[in-house]
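Engineer: Take a look at the following structure, please.
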Amino acid sequence: MRQAPPEYALRAQADQLQIAELAARFSDAVNRHDWQLMAQLYAEDAIWETSAGTLGFRHEGRAAILRFLLNNPNKVEVVAYSSTPPFIETISDGRARTRLNMTEYLRVLATGEIKRIVGVYSDELVKREGRWQFLHRSFALQVAFDEKPTAL
């Protein structure tokens, strides 16, 4: 059996690190409410969708995703977001598939209600101009809870 050249292994490791960084940058952007940065993590032709009940949506294209991100804080405040490191399923020819679990706390501004959202992101990624981006980000809701805020 023929072994892959060492530069191939190094490139694969670099891709894995860059993909993990993409997930971390997304989480950081959500928690800092940096919607401009968050939108830049998506490819121009990306799709972002979720099946989160009444909070569900589907947006096509980076511009539509940015519009959503800029308008959403008028309805919902992200209180906290956390995710597991991504499980990287495949990497080949500038494409990858990943999965990660996430928990998010949202405040619905109209009611003051706090929602805890738990689910799984399944992502298709593409590497363009030397960087990994979300091409299709799909969130499947596992469970949602209404939470009572408590003072510290």
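Engineer: Please work out the ratio of the alpha-carbon Rg of region 61-131 to 2.2 N^0.38 Å and round it to two decimals.
Structural biologist: In units of the globular-protein estimate, region 61-131 measures up at 1.39.
Engineer: Now for a different question. Determine how many Å³ per residue the convex hull of the Cα atoms of region 39-89 encloses. Before the final figure, lay out each step's value.
Structural biologist: Numbers: hull volume 6.0 nm³, N = 51.
About 117 Å³ per residue, rounded to a whole number.
Engineer: What net charge do the residues around residue 93 carry, taking every other residue with its C-beta under 14 Å from that of residue 93, with Lys and Arg at +1 and Asp and Glu at -1? Provide the component values of the computation, followed by the final result.
Structural biologist: Working: positive: 11, 95, 97, 127, 128; negative: 15, 124.
Here the charged neighbours net out to +3.
Engineer: If you stretched the chain out fully between residue 12 and residue 84, how much longer would it get, using 0.36 nm times the residue separation minus the C-alpha to C-alpha distance? Could you put the intermediate results ahead of the total?
Structural biologist: Working: separation 72, 0.36 × 72 = 25.92 nm, distance 2.08 nm.
Stretched out fully, the residue 12 to residue 84 stretch lengthens by 23.8 nm.
Engineer: Report the convex hull volume per residue for region 24-63, counting only C-alpha atoms, in Å³.
Structural biologist: On the way: hull volume 3.1 nm³, N = 40.
Spelled out: Cα convex hull of region 24-63, divided by residues, is 79 Å³.
Engineer: Starting from the amide H of residue 45, placed 1.01 Å from N in the peptide plane, find each other amide H under 5 Å away whose residue is 5 or more places distant or on another chain.
Structural biologist: Result for residue 45 returns 62.
Engineer: Counting other Cβ atoms within 10 Å, keep those with at most 14, restrict to DSSP loop, and tell me which trypsin sites (Lys or Arg not before Pro) in region 1-106 are left.
Structural biologist: Filter output for region 1-106: 2, 75.
Engineer: Right, something else. Could you name the lysines in cross-link range of residue 75, using Cα to Cα under 26 Å and dropping any fewer than eight places away on the same chain?
Structural biologist: Cα-Cα hits under 26 Å: 115, 148.
Engineer: I've got another one for you. DSSP loop GluC sites (Glu not before Pro) in region 112-150 with at most 14 other Cβ atoms within 10 Å of their Cβ, which ones?
Structural biologist: The qualifying sites are 113, 129.
Engineer: Hey, quick one: spin label on residue 51, modelled 7 Å out along Cα-Cβ, who in region 99-123 has an amide N within reach, i.e. under 18 Å?
Structural biologist: 99-103, 117-123
Engineer: Less than 14 Å Cβ to Cβ from residue 112, Lys/Arg counted +1 and Asp/Glu -1: what total charge do the surrounding residues give? Intermediate results must be reported in sequence, preceding the final value.
Structural biologist: Values: positive: 75, 107, 115, 148; negative: 77, 113, 146, 147.
With Lys, Arg at +1 and Asp, Glu at -1, the net is 0.
Engineer: Could you tell me, in Å, what Rg and Dmax come out for the Cα atoms of the chain?
Structural biologist: 17.0, 63
Every number in this text was worked out from the coordinates using simple rules, so none of it is lab data. Not measured: the values here are computed from a predicted model. Reconstructed Cβ throughout: ideal geometry from the backbone, glycine too, with neighbour counts over all protein chains shown.
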